[in-house]
1. Which residue, chosen from Y288, G17, A55, occupies the Cα position most advanced towards the positive end of the dipole of the chain, where the dipole is computed from +1 (Lys, Arg) and -1 (Asp, Glu) charges on Cβ about the Cα centre?
2. For segment 151-168, take each phi angle, set θ = phi - 60°, evaluate the Karplus expression 6.51 cos²θ - 1.76 cosθ + 1.60, and give the result in whole Hz per residue in order, putting x for glycine and proline.
3. Among 31-43, 90-102, how do they line up by average Cβ neighbours within 10 Å per residue, starting with the highest?
4. Express in nm, to one decimal, how much length is gained between N7 and E83 on full extension, taking 0.36 nm for each residue of separation and deducting their alpha carbon distance.
5. Relative contact order (percent) for segment 50-166, with alpha-carbon contacts under 8 angstrom and 6 or more residues of separation?
6. With charges only on Cβ, +1 for K and R and -1 for D and E, what is the dipole size of segment 1-139 about its Cα centre, in debye, rounded to 20?
7. With no solvent and one equal point scatterer per Cα, compute the Debye intensity ratio I(q)/I(0) for segment 106-226 at 0.19 Å⁻¹ and report its log10, rounded to two decimals.
8. Please report the spacing between the Cα centers of segment 148-206 and segment 236-290 in Å, no decimals.
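A short reminder: the numbers here are calculations on the coordinates, not readings from a lab. None of these values were measured; they are calculated from a predicted model. Positions of Cβ are generated from backbone atoms using ideal geometry, with glycine treated the same way; all protein chains shown enter the neighbour counts.
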Amino acid sequence: MTGIELNGKTVICGLMGDPVEHSVSPAMHNAAFHRLGLNYAYLPFRVSKEGLPGAVQGIRALHIAGVNVTIPHKTSIIPLLDEIDPLARRIGAVNVVHNKSGRLFGSNTDADGFLRMLKEQGIDGHGLHAAVLGAGGASRAVCFALASLGCEITILNRTLQKALDCADDMEKYAGRTFSALELNTHNLAAALEEAGLIVNATSLGMAPRADESPIDRGLLKRRHIVVDIVYNPVKTGLLSQAQKAGARTIGGLDMLAWQGALSFEIWTGRRAPLDVMRRAAAKAVKRYEK
Ligand code: ATR
């Protein structure tokens, strides 16, 4: 299926999470390995919360070159690794592990992936006011990325305390304050009035509940740039609403491909074939959409 011939020298990478069945990362990475003619393979590993310490030990024991980490392990894996990149530590989430001769290094390519995506889209964050919806691992990566660009940020989350914690941590990082609000229509209306950039980093709108949107229709305006980090479906309810309002939209596949490309580069030391990865991810999502 991948076009990769496995043999005794094949280098193994993979994904640790639960669930992993619908991940598009295997399709994306194996397409990239194949394109560059690398003798690598990327496998999905379903790992329970209880199984995580054993699985991390398994990375060392099995000489797995590297893994991506997804829900629910992005935070709980941190104390199990040997070294954590400073930004990943501040974000509080690791999505990539690199095995260097048995020492495991954790980093976060969600933040850098988001920045690369913005740059590719020609969006200059300086002076921009962003409203970020969500305060989980993905949202924190987006917030730290935006803070590093000098953006003003309002974080809105269903659980207010998590938004406050994120704003506090960012203040320590950036040396300035950020707003944190409960995610509700009243607060959204106020935040979107000021915001030029809106990022949905909640899981609302993800298949199978694709018709849900975190934002009421009337609040989106032509002047907004709307980013949805949900990539399944490719066109979420939020993105359709935003398009109808005349706003510019960016779907989640771009950030996904960028974080994947940066992971690939960490493991292989080779430049990732970004477009190959993006196409493979889009094709895999379409398969799940059917
Ligand atoms: P990820 O690693 O993808 O960020 P996560 O850490 O589980 O995943 O975060 C999911 C985010 O989506 C959280 O901000 C969550 O809000 P809570 O902190 O209140 O749980 C948000 N989210 C999930 N379901 C939601 C819903 N039905 N309404 C509003 N927000 C929701």
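1. Toward the positive end, the furthest listed residue is Y288.
2. Listing the rounded values in order: 5, 7, 9, 10, 9, 10, 9, 4, 8, 4, 4, 5, 5, 5, 4, 5, 4, 4 Hz.
3. 90-102, 31-43
4. Stretched out fully, the N7 to E83 stretch lengthens by 24.3 nm.
5. The value is 20 percent.
6. The dipole magnitude comes to about 240 debye.
7. The Debye formula, applied to the Cα set alone, gives -1.05.
8. 23 Å
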